[in-house]
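Values in this text are rule-based calculations from the coordinates and carry no lab data. Since we're looking at a predicted model, the values are computed, not measured. Neighbour counts are summed over all protein chains in view; Cβ atoms, including those assigned to glycine, are modelled from backbone coordinates with ideal geometry.
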Amino acid sequence: MDTSNGMTKAFSFTAHHTLPVRSHPVLDAYISELIPRLSGNVHSDYHLHEEALRLPLDPDILAQVKKMAKHFATSRLKYVIVIGIGGSNLGTKAVYDALNGSYDLALPRLPKLLFIDTLSGNTIAELNDILAPVEHAQDMLINLISKSGTTVESIANFELIYQMLEKRFPNIASRVVCTTDRGSALWEIGEQRGFGLLQIPAIVGGRYSVFSAVGVFPLFLAGVGMEEFQKGASHMLQSAFSEDREKNFARNSAEELFAAMNEGCSMLNIFHFNPELESLGKWERQLIAESLGKEKDLDGRVVHAGITPIVSIGSTDLHSMAQLYLGGPKDKFTMLIRAEEKTGERITAKGILSPLGVEMAGKGPSEIMEAIYGGVLATYKEHGLPSLEVRLPPVSPYVLGAYMEWRMAVVLYLAKLMNVDPFDQPNVEDYKKVTRAILTKN
């Protein structure tokens, strides 16, 4: 995609499958309908679910976040404890991990985001150990995120962490910010307790909320450039809802994947060749699974629709899954994603193991990984496997914003082609009801 304002090329896409891909008129009408809703700097007034994609255009979001941060982001701040699960957690973690890498906790930069999602006594104990050296409540902030305000895992984790910290810091209530729907039960309790409160637009679902205060607040506290994050998404939005089909990479990608699904691909393999993007893959996994996996279509027919997303990491999973991917059933559409990175230190020609890898002498890790990536691409083509190559510039807030906006647009188009609702998740409520019934009974 060539971004606007003369900016450098942000993405390149190359399709490697030979399936017949056709244009769908239903998308022409959908795009024409949405363009007026997804353009311009419209403030916090949302009426359609699809308008979640214009969150990056809303100047009120960053303004409210900065105002809240001014109050809570003290010069002492070391740890932001992000309590949330699913859409309240995955997008923020995707951006943070992509920019900070696998060893963030061991590095001296502050403040750090600590993510608490699944309920685990071991995790709470480990968090207690991490926070043991903290001497003042202002060294930390708890950001509880729950759209409904009643998410079992998040409420339970908050209670456990709050009571753990309250023993050491009686004023810990002054270091809590809740991000939730205005008027939710959590919002009302937050008002009573004097917590900081940030609103999620009511019509914006969790898996589409990373550009709301859900993601923007903790990432801003961690020093991530939110203006660039929003700018990348805004530029992609222009492409993703362009009526010019050649420029609309989101539409093209959706139609390619839809063609693969019609030819028997029941899985989407999101194959990242930068390990720091694993959490980004997991964010997309939720986006696709919850948005497209539906028992019924929009006409009420039982269809059991969907495509199963899986996340692979190169080159780690080449040594565990490649045999299946290359030699097994051709039931997977693979997105091969590679971001540019620094060359790094080069391997000396006189290394201890130089006789075992003569061809690697003088090369850095990025050059070797590029060769591995090239080998995988060639092999996919040789085996006639449906795939899409995505080349990214070096990972940055701008690139991540553009990528995430692109993938959300792709899901909306796919849902339209599949005739399903990408915004509901009725079957998820089944286990939640039973869980609360069991807890009540016990």
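Odds and ends about this structure:
- Sorted by Cβ neighbour density within 10 Å, fewest at the top, the residues Arg436, Arg54: Arg436, Arg54
- The amide H of Ile200, built 1.01 Å from its N in the peptide plane, has Thr180, Asp181, Arg182 as neighbours under 5 Å, considering only residues 5 or more places off or on other chains.
- With a threshold of 26 Å on the Cα-Cα distance, the over-threshold entries among Lys296/Lys332; Lys332/Lys432; Lys231/Lys296; Lys67/Lys282; Lys231/Lys381 are Lys332/Lys432; Lys231/Lys296; Lys67/Lys282; Lys231/Lys381.
- log10 of Debye I(q)/I(0), alpha-carbon scatterers only, for region 296-442 at 0.17, 0.22 Å⁻¹: -1.16, -1.36
- Length gained on full extension, Arg346 to Leu119: 77.4 nm, using 0.36 nm per residue less the C-alpha separation.
- Among 21-33, 174-186, 311-323, 76-88, the order from most to least packed when residues are scored by Cβ within 10 Å on average: 76-88, 174-186, 311-323, 21-33
- Pairwise inverse Cα distances across the chain, averaged and inverted, put the Kirkwood hydrodynamic radius at 23.3 Å.
- Other residues whose C-beta falls under 13 angstrom from the C-beta of His304 contribute a net charge of +1, scoring Lys and Arg +1 and Asp and Glu -1.
- Efficiency of FRET from Cβ geometry, Ser102 and Lys381, R₀ 25 Å, rounded to 0.05: 0.20
- Gap separating the Cα centres of region 376-442 and region 307-329, nearest whole Å: 17
- Counting other Cβ atoms within 10 Å as a rough exposure proxy, the listed residues Glu340, Glu153 run Glu340, Glu153 from fewest neighbours to most.
- Note on region 42-224: the alpha carbon radius of gyration divided by the globular reference 2.2 N^0.38 Å gives 0.97.
- Value of Rg/Rh across region 240-382 [Cα atoms, Kirkwood radius]: 1.08
- Treating each Cα of region 117-207 as one equal point scatterer and applying the Debye formula with no solvent, the log10 of I(q)/I(0) at q = 0.19 Å⁻¹ comes out as -0.91.
- Sparse-neighbour loop sites [GluC sites (Glu not before Pro); region 203-266; at most 10 other C-beta within 10 Å; DSSP]: Glu246
- Distance between the modelled labels on Gln323 and Asn427, one decimal in nanometres: 3.2 nm (7 Å Cα→Cβ projection).
- Less than 5 angstrom separates the built amide H of Phe115 from those of Val82, all sequence-distant by 5 or more or on a different chain.
- Relative contact order, percent, the chain [alpha-carbon distance under 8 Å, six or more residues apart]: 22
- Stretched out straight at 0.36 nm per residue, the stretch from Glu159 to His71 would grow longer than its current Cα-Cα span by 29.3 nm.
- Cβ-derived FRET efficiency at R0 35 Å, Glu188 paired with Arg301, nearest 0.05: 0.30
- Per-residue HN-Hα couplings for region 293-308 [Karplus 6.51, -1.76, 1.60; θ = phi - 60°; Hz; x = Gly/Pro]: x, 10, 6, 10, 8, 5, 8, x, 7, 6, 10, 6, 7, x, 10, 7
- Full-extension gain in nm, Ala437 to Leu48, via 0.36 nm per residue minus C-alpha separation: 136.7 nm
- Rg/Rg_ref, region 240-318, where Rg_ref = 2.2 N^0.38 Å and atoms are Cα: 1.27
- Exposure proxy order (Cβ contacts within 10 Å, fewest to most) of Asp331, Asp104, Asp299: Asp299, Asp331, Asp104
- For region 56-145, the alpha carbon positions stretch 40, 29, 23 Å along the principal axes, listed from largest to smallest.
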